[in-house]
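Everything below concerns the one structure shown next.
The values are calculated or read from the model by the stated rules, or taken from the named source; none is laboratory data. Everything numeric in this text was worked out from a predicted model, so none of it was measured. Here the Cβ positions follow ideal geometry from the backbone for every residue, glycine too, while neighbour counts run over all protein chains shown. The protein model used for the area step is the full one, side chains on, heavy atoms only, and it has no ligands, DNA or RNA in it. Shrake-Rupley method; radii C 1.70, N 1.55, O 1.52, S 1.80 Å.
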Amino acid sequence: MARDFKDKVIVLGVTGSVAAYKACELASRLVEAGAEVIPVLTSGGREFVGAASLEGITGQRAITDMFEPAQNPEIEHIALARRADLFLIAPASANVIAKSAHGLADDWLSTTLLATRAPVLYAPAMNTKMYQHPATQDNIALLKRRGCHFVGPGSGALACGEFGPGRLIDTPAILEAASIALRNDHSLEGKHVLLTSGANHEPIDPVRFIGNRSSGKMGYAIALEALKRGAQVTVITGPCDVAPPFGVTIIQADTAVTMLDAVTDLLPSADIFVAAAAVADYRIENPPTKKQKRDDQPLRLELTPNPDIAAHVGLTRAAHQIAVGFAAETHDFLEHAQRKLQEKQLDLIVANDVSGADSGFGTETSRAWFLTPDEEAEVLPLLAKSELAERLFTRILALPRAAAVCDG
Ligand code: C5P
């Protein structure tokens, strides 16, 4: 995600909330990722966090007052409203949300929010009753209709002693939402991307399983890329080593059969299906319900072939649905991938080399090829999985079938 913030100008508005101190960590993460962060403290924000902290972290003068003499004409609100790539209001009080919704401009932040055309992301933090009040809910709905982004709030114990929604959502979730807002990409707006991801664990008995080395990193990179393009994303995931993106719906399905059930349920609503899971090829039918005891005799397991989820989707989907698969290979990449593309009736298959130290299960990068039924295989350089995901959707959107999916 770090490359999303490199050289971006982010105005970080900090408003009146006990959570204002958390803006320091957020600012620090953004600066680390290469962003230029301009802190703005409202009068409420200044009650909770000092300008000196934010200035120390960002290396920028904190803006606190509408009428302070502009030391740098770039800081002048109109200039900054133009120069900013993103306005991030974290924590966002009920007050700043209400002012923005109704176009009030009585301090630096609210004035500049009116002047900017940059994307705006609010991370609300307030008392539960204030958050749930119809006035606040209506204001949030109004801002969303205008294209503003929201992340959180989280739920839990609040500083006021109440329990419920109103906590500033955690920094990683804000960073993810900021990367989505910054991208400002609507190429999959209104579309539902369904994907399988991660490994399968096929039980041998209640405590043992047959598994594989899939980490889930590729699947989650695809899910995040789809979110950044404005899609609604559902990930049917088996066991994996990494945390999923915050903005996706997660359905846990540890075995191939439960994964197929979940895919079958959700497929009718999907526009694009991506099979990124390392689905187990075999299972043990009716595994014993009690832990099996060891003895000195060889153990023979009878394995039943699992359903092929990608092939099921490829063969049964509606004409407007796009189906994409992966072919994880150690040799003869293109031959194997070509055969799978045809057998599974997919629109696109990503052949990837899982034999190298820098490409395959658990790595951060991948060496891959895109194969489609009608064109020459496209050879890709070694790419970060996030970059591979970005190129994958660009390629998907160039498929002949995508015209029906994305114009409809
Ligand atoms: O396992 P194989 O290499 O044939 O599968 C490649 C593609 O098919 C991957 O996209 C994988 O997610 C999918 N697959 C599946 N169900 C299986 C086996 C593979 O969906 N049982």
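Rounded, prolate or oblate: which fits the range 2-183 when a ≥ b ≥ c are the square roots of the eigenvalues of the alpha-carbon gyration tensor, with rounded for a/c under 1.5 and prolate only if a/b beats b/c? Provide the component values of the computation, followed by the final result.
On the way: a/c = 1.41, a/b = 1.31, b/c = 1.08.
Taking the square roots of the gyration eigenvalues as a ≥ b ≥ c, the range 2-183 is rounded.
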Taking r as the C-beta separation of GLU162 and GLN252 and R0 as 25 Å, the FRET efficiency to the nearest 0.05 is 0.20
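Using a 1.4 Å probe, what is the accessible area per residue for the chain, in Å²?
Values: 18970 Å² over 408 residues.
Spelled out: the 1.4 Å probe surface of the chain, per residue, equals 47 Å².
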Report GLU25's accessible area, 1.4 Å probe, all protein chains in place, as a number in Å² to the nearest 10. 100 Å²
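What dipole magnitude, in Debye to the nearest 20, does the range 2-183 give about its Cα centre under +1 on Lys/Arg Cβ and -1 on Asp/Glu Cβ?
Working: 17 positive and 18 negative charges, 111 e Å.
So the magnitude is around 540 debye.
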Once the Cβ-Cβ distance between HIS186 and VAL242 is put in as r, and R0 is 35 Å, what FRET efficiency do you end up with, to the nearest 0.05? 0.85
Counting only protein heavy atoms with a 1.4 Å probe and every protein chain in place, the carbon and sulfur fraction of the accessible surface of the range 2-183 in whole percent equals 53 percent
R0 = 56 Å: FRET efficiency of LYS290 with ASP358, Cβ-based, nearest 0.05? 0.80
Put a dot 7 Å past each Cα toward the Cβ at LYS144 and VAL207; how far apart are the dots in nm? 4.7 nm
For LYS129, list the aspartates and glutamates whose Cα falls under 18 Å from its own Cα; do not include residues on the same chain fewer than 8 positions away. ASP138, GLU162
Using alpha-carbon positions, what is the distance between the centroids of the range 145-212 and the range 32-60, in Å? 26 Å
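When the chain is fully extended, how far beyond the present Cα-Cα distance does GLN297 get from ALA377, taking 0.36 nm per residue of separation? Let's see the in-between values first.
Details: separation 80, 0.36 × 80 = 28.80 nm, distance 4.92 nm.
Working it through step by step, the gained length comes to 23.9 nm.
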Build a GNM of the chain with springs between Cα atoms under 10 Å: which of LEU109, LEU334, LEU195 gets the top mean-square fluctuation? LEU334
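What does the highest-first list of 26-33, 270-277 look like by mean Cβ count within 10 Å? All intermediate terms of the calculation are to be shown ahead of the outcome.
Values: 26-33: 19.9, 270-277: 26.8.
Result, highest mean first: 270-277, 26-33.
Can you give the relative contact order of the chain as a percent, counting alpha carbon pairs under 8 Å and 6+ residues apart? Display every interim value, and only then the final one.
On the way: 875 pairs, mean separation 42.3, N = 408.
The normalised contact order for the chain reaches 10 percent.
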In terms of Cα to Cα distance under 20 Å, which aspartates and glutamates are near enough to LYS293, apart from those fewer than 8 places away along the same chain? GLU202, ASP205, GLU285, GLU302
If Lys and Arg each add +1 and Asp and Glu each add -1, what is the summed charge of the other residues whose beta carbon sits under 12 Å from the beta carbon of ALA351? -2
Most to least packed among 324-333, 36-45, 2-11 [average Cβ atoms within 10 Å]: 36-45, 324-333, 2-11
Go through PHE48, ASN306, CYS24 and say which Cα lies farthest out towards the positive end of the charge dipole of the chain; charges sit on Cβ, +1 for Lys and Arg, -1 for Asp and Glu. PHE48
